[in-house]
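The values are calculated or read from the model by the stated rules, or taken from the named source; none is laboratory data. Keep in mind it's a predicted model, so treat the numbers as computed, not measured. Cβ placement follows ideal geometry from the backbone for every residue including glycine, while neighbour counts extend to all protein chains displayed.
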Amino acid sequence: MVNKNKEIAVMILGPLGDVINSSGVFRTLKKAYPDNPLSIITIPAGVTASYGIPEIANRYLFDRSKKGLKGLFEIWKFALANQGKFDTIVILDTSFRSAHLAFMTGAKRRIGRRCNFRTPLLTGSIPFTKEEKNDVYVAEYYARCLKPLGLYKENIEPSFSYTKEDETRITEILKEHNLQDKKLLGFCPACGQKIKTMPAEDAAEFIDLVNKKGDYKIVITGGSDVSDFASRLKELCKTEFTDLTGKTKYGETAALIDKCSKFVSVDTSCQHLAIALKTPVVSLFFSHLYSKWGPADLKYNRLLVNQTDKHISAEKIYENLTELTDKKVIEVNCR
């Protein structure tokens, strides 16, 4: 029996994309327990995305960067500050530390996967299969953690909401660049990890091809870690694009992607935003993790993979792009 005076928490100790893909877990829990406040326990790198999940009432930060005795101290400090606060904690990652943290809070129910010697710390668990490590779509992977609560449903999709203020700001930015009422193609060719980033020459070739066809106006999205890459593209491209890297807050980035007819992205949180916002996306992967972190629905999205030399031709990307139906841009994701 759930204590309605206590919170139900989801622990997701990962960055932005991880949190976005946990959104279906929060929706399911809120529907099942409407009277219980829902909380997220996450790391600083993930908290920004949590504001796009309207079911979350409270946010608790845990610093997982500290190791050894300092790491144990962080667990004890967190547990002491939140002792007896949670009725249930659903643990989405597989580390021993996360189960230890949940156990130390005194939560009545602690749900997670059986792995890494943490089973004695859990009250409800599911096995961690070899298939799930790399080959199960991440939103589905997280949803399976609800099985011990009897709440699991297949094909729970991620979602994301932004504010009216975010939408208004993006409308202003698009007007500043004379992009209002234009058919936009969002493009995120890079991130802070080189293994996920397109070769700049390939990205420039794709931009020039799209501009030659004249179908879309290209907007480069991403955080400040993509700004140098965008500057390099300006040197390589023969045609123009709009660079908004590092110029929008995360909710504003979501509002921008929601206004795009289509989206092309490497494996970044922008790709996860596009999937959550149901903006048709062509995902570009250069690692073996495409089954887990790429789009699950290949009816409305496309997935291109090259694990050898990271080269995916502009023609191949454009061909897959044209197979997708343009999104009908309707402002329905504001909260």
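Quick notes
- Top-ranked residue in the range 147-177 [being β-branched (Val, Ile, Thr) and outside any helix (DSSP H, G or I); ranked as modelled with the lowest pLDDT]: Ile156
- Test: residue in the range 13-22 that is among the hydroxyl-bearing types (Ser, Thr, Tyr), out of contact with any Cys (no Cβ under 8 Å at 6 or more places or on another chain), within 24 Å of Thr129 (Cα to Cα) and in a helix (DSSP H, G or I): no
- Selection status of Ala57, more than 15 Å from the chain's Cα centre (by Cα), part of a strand (DSSP E or B) and small (Gly, Ala, Ser): yes
- For the range 101-110, the condition holds for at least one residue, the condition being that it is of a type in the set (S, T, N, Q) and surrounded by 22 or more Cβ atoms within 10 Å (Cβ to Cβ).
- Against the list (1) out of contact with any Ser or Thr (no Cβ under 8 Å at 6 or more places or on another chain); (2) of a type in the set (Ser, Thr, Tyr); (3) surrounded by 22 or more Cβ atoms within 10 Å (Cβ to Cβ), the condition Ser23 fails is (1).
- In this structure, Tyr318 does satisfy being within 23 Å of Pro199 (Cβ to Cβ), modelled with pLDDT of 95 or more and surrounded by fewer than 21 Cβ atoms within 10 Å (Cβ to Cβ).
- Selection status of Glu205, surrounded by 14 or more Cβ atoms within 10 Å (Cβ to Cβ) and over 17 Å from the mean Cα position of the chain (by Cα): yes
- Members of the range 290-321 that are touching a residue at least 24 places away in the same chain (Cβ under 8 Å), over 20 Å from the mean Cα position of the chain (by Cα) and part of a helix (DSSP H, G or I): Ala314, Glu315, Ile317, Tyr318, Asn320, Leu321
- Condition met for Phe241 (of a type in the set (Phe, Trp, Tyr), under 18 Å from Ser313 (Cα atoms), at pLDDT 95 or above and touching a strand residue (DSSP E or B) at 6+ places or on another chain (Cβ under 8 Å)): no
- Residues within the range 103-129 that are out of contact with any helix residue (DSSP H, G or I) (no Cβ under 7 Å at 6 or more places or on another chain) and closer than 22 Å to Met1 by Cβ, tallied: 5
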